[in-house]
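The values are calculated or read from the model by the stated rules, or taken from the named source; none is laboratory data. Quick caveat: nothing in here was measured; it's all calculated off a predicted structure. Cβ placement follows ideal geometry from the backbone for every residue including glycine, while neighbour counts extend to all protein chains displayed. Heavy atoms of the whole protein, side chains included, go into the accessibility calculation; ligands, DNA and RNA do not. Shrake-Rupley method; radii C 1.70, N 1.55, O 1.52, S 1.80 Å.
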Amino acid sequence: MRRRGATMLPSYSTSLLGRDELLSSLDRSMAEGARVITLVGTAGVGKTRLAVTAASRRPAHVFCDLRGARRRDHLIDALLRALRPAVDLSRMRGDAARRVGGWLRARGPLCVVLDNFEQLDDASAEVVGVWRDEAPNATFLVTSRHPLRLGGQRLVHITPLDAGEDGAAAALFFDRAALARGAPLARDARTLDAVNALVRSLDGVALAIELAAARLEVMSLDELRDRINARFALLRVPDARGGVEHHDALWDALSWSWQLLSAPERDALACASAFAD
């Protein structure tokens, strides 16, 4: 973990690629005074990595993992766990959300990453609004599959990497492939065509591309291309090396999305799955 004072952020052993424009946009939004910035995107697109990188460029920051949170009290408890032992609520009075907001206000400039907000209820979004109002020098970077029901948030839509000819998706694959193999891939015409086709088949999703490239430690590019149709079995992390990730496989990422759907939404998606693309 990377430490600054009492706060911590996940650390990554690899560089962030293909997101310079989005990172600059986040920097500008925070410099312009945006208080709640919600990074919205699908599973594996890289929301957490981008939020952590943006927060690491601020003077002070804290990372709050919300994967197990469902209600407002869970959200408050999760942030308290991330802040402890720096904060002691026993010396504060009033509603718990406002007490935490008071501590954030006393802390001064602080960037708070609230990661995986999508499964929390509307009352939890209201808590973020309370913190925003109580702590005018705090900025909240929220990652979610959908926007918060909170007025005044600034939305940043995180799309897949450009999977066009020699786009950012291919650049990411070549970079991670070199790490997995211990040597760069050749950039001849045949390899370039194979990589471009591969990242297109993975829809430019960063997590899928990283998992695919990691497989080159144990198989050739041709073998990977031939087996990519069995992607849920193939694209699993082969070992424990690398940075912090929420999902070890595409199946885990999609399963998490499925669990968040209501019964009618699941029925609609099952019906839509009969159609190509």
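Observations, loosely collected:
- Accessible carbon and sulfur surface of the stretch 2-71 relative to its total accessible area, %, 1.4 Å: 47 percent
- Total charge dipole magnitude, the stretch 43-200, about the Cα centre, Cβ charges on Lys, Arg, Asp, Glu only, Debye to nearest 20: 500 debye
- Each of Ala125, Ala97, Thr159 was placed along the dipole of the stretch 70-196 (beta-carbon charges, centred on the mean Cα), and the one lying farthest toward the positive end is Ala97.
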